[in-house]
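Here's the structure, in structure tokens; my notes come after.
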Amino acid sequence: MTLRRYLVLAGVTFFASSGDSLLSYGMKQVGPVSVQHLPSMILAFLNPWVALGILLLLGFFACYTSALSWADLTYVLPATSVGYVLVAVIARFVLHEHIPTTRWLGILLISAGVGFVASGPSRTDMRHPNGLPKSIPEASEEPALLAGVGSSRAES
Amino acid sequence: MNDIYTWIGIGLVVFSSVAGDVLLSKAMKQVGDVAVLRRRMGVMKVVARVVSNSNFLFGLLTMTISFYSLLYGLSWGDLSLVAPAAASLTFVGNAVAARIFLHEKVDTRRWIAALLVAGGVALMAV
């Protein structure tokens, strides 16, 4: 794992938790949305907090798809689930939601799961060891770059 | 009734998220490492390569359904329940789906992680 890849995973965590928090804050201002009045859900986008939350979630999506291009789905999801702790802290101290002890224990268990998966390999399907599918030929002019990708994966 | 609406929202999020995650993951493996591709082709060609992938487009559609379900759930329940419960149950569903559809090696380490997360979700729903 290179520093750039850790930063991408950190981006997934940060954008997802801050985006969810802003969405929640905005939706509480908008009020309950019922199935009978779906247009009111579209109006929710006019709320600035909802709009900003959506922007942050777009940042999450960019980091997430980037991470999925070089790591397993079952690695990316738990490795970035440390965001639940962030969400709980934001919900408690910014949104002033009450969080009971059992819910804090649940968050602790989820965090322990992160530790388990993060210490393992990031990719188990090694059919394309240079990170590219067969449809793209090897780049002979960039041997150092491809060697770097291969070795970082072997280390992780 | 709010509880029922909250859990219906969570259920919708989980189902559509698992489908979306699996499709997106499959698409991005077909595309290749975007950092390597970006250096070789440039950003625009990489973006074009991603958005022309059919799995990506279907993944985007199911992710959109998941997003609307999340908005629906959040308007009924607390963020600290809806967001982690939906995402964690999605994670467990993904462990099964990734093994079946993506042929990932979901080993003991990853199953333990799945069980820890599932336990965490159970505690949070009490």
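Odds and ends about this structure:
- The residue that is farthest from A:Val8 (Cα to Cα), counting only those in the range B:33-79 that are without any contact (Cβ under 8 Å) to a residue 40 or more places away in the chain and among the polar types (S, T, N, Q), is B:Ser75.
- Test: B:Val82 is closer than 24 Å to A:Ile42 by Cα and in contact (Cβ under 8 Å) with a residue 12 or more places away in the chain: yes
- Those residues of the range B:7-59 which are surrounded by fewer than 21 Cβ atoms within 10 Å (Cβ to Cβ) and of a type in the set (Ser, Thr, Tyr), in sequence order: B:Ser52, B:Ser54
- Consider the range A:88-109 and keep the residues that are part of a helix (DSSP H, G or I) and among the charged types (D, E, K, R). The one that is farthest from the other protein chains (Cβ to nearest Cβ) is A:Arg92.
- Residue match in the range A:35-44 (condition: surrounded by 19 or more Cβ atoms within 10 Å (Cβ to Cβ), on the phi < 0 side of the Ramachandran plot and modelled with pLDDT of 80 or more): no
- Look at (1) crowded, with 16+ Cβ neighbours inside 10 Å; (2) over 13 Å from A:Thr80 (Cα atoms); (3) at pLDDT 90 or above; (4) not small (Gly, Ala, Ser) and you find that A:Cys63 fails only one, number (2).
- Taken over the range B:71-83, the residue count meeting the criterion of being more than 7 Å from chain A (Cβ to nearest Cβ), part of a helix (DSSP H, G or I) and in contact with a helix residue (DSSP H, G or I) (Cβ under 6 Å, 6 or more places away or on another chain) is 2.
- Selection status of A:Gly11, modelled with pLDDT of 90 or more and over 17 Å from A:Ala91 (Cβ atoms): yes
- Residues of the range B:88-113 that are of a type outside the set (Lys, Arg) and at the interface with chain A (Cβ under 7 Å from one of its Cβ atoms): B:Ser88, B:Phe91, B:Asn94, B:Ala95, B:Ala98, B:Leu102, B:His103, B:Glu104, B:Val106, B:Ile112, B:Ala113.
- Residue within the range A:57-68 that is more than 9 Å from every other protein chain (Cβ to nearest Cβ), closer than 22 Å to B:Ala85 by Cβ and free of Cβ contacts under 8 Å to residues at least 40 places away in the same chain present: no
- Restricting the range B:13-59 to residues that are of a type outside the set (Ser, Thr, Tyr), over 15 Å from A:Ala67 (Cβ atoms) and outside any helix (DSSP H, G or I), the residue that is nearest to the other protein chains (Cβ to nearest Cβ) is B:Asn53.
- Sole exception among (1) out of contact with any helix residue (DSSP H, G or I) (no Cβ under 6 Å at 6 or more places or on another chain); (2) modelled with pLDDT of 90 or more for B:Val43, by number: (2)
- B:Tyr68 in a helix (DSSP H, G or I) and either of a type in the set (A, V, I, L, M, F, W, C) or surrounded by 23 or more Cβ atoms within 10 Å (Cβ to Cβ) (or both): no
- The range B:84-123, residues that are part of a loop (DSSP other than H, G, I, E, B) and under 20 Å from B:Met63 (Cβ atoms): B:Leu102, B:Glu104
- Exactly one residue out of B:Ser80, B:Ser69, B:Ser88 is modelled with pLDDT under 80 and within 30 Å of B:Val47 (Cα to Cα): that is B:Ser88.
The values are calculated or read from the model by the stated rules, or taken from the named source; none is laboratory data. Remember, predicted model here, so these are calculated numbers, not experimental data. Counting neighbours? That spans all protein chains shown, and the Cβs are built from the backbone with ideal geometry, glycine included.
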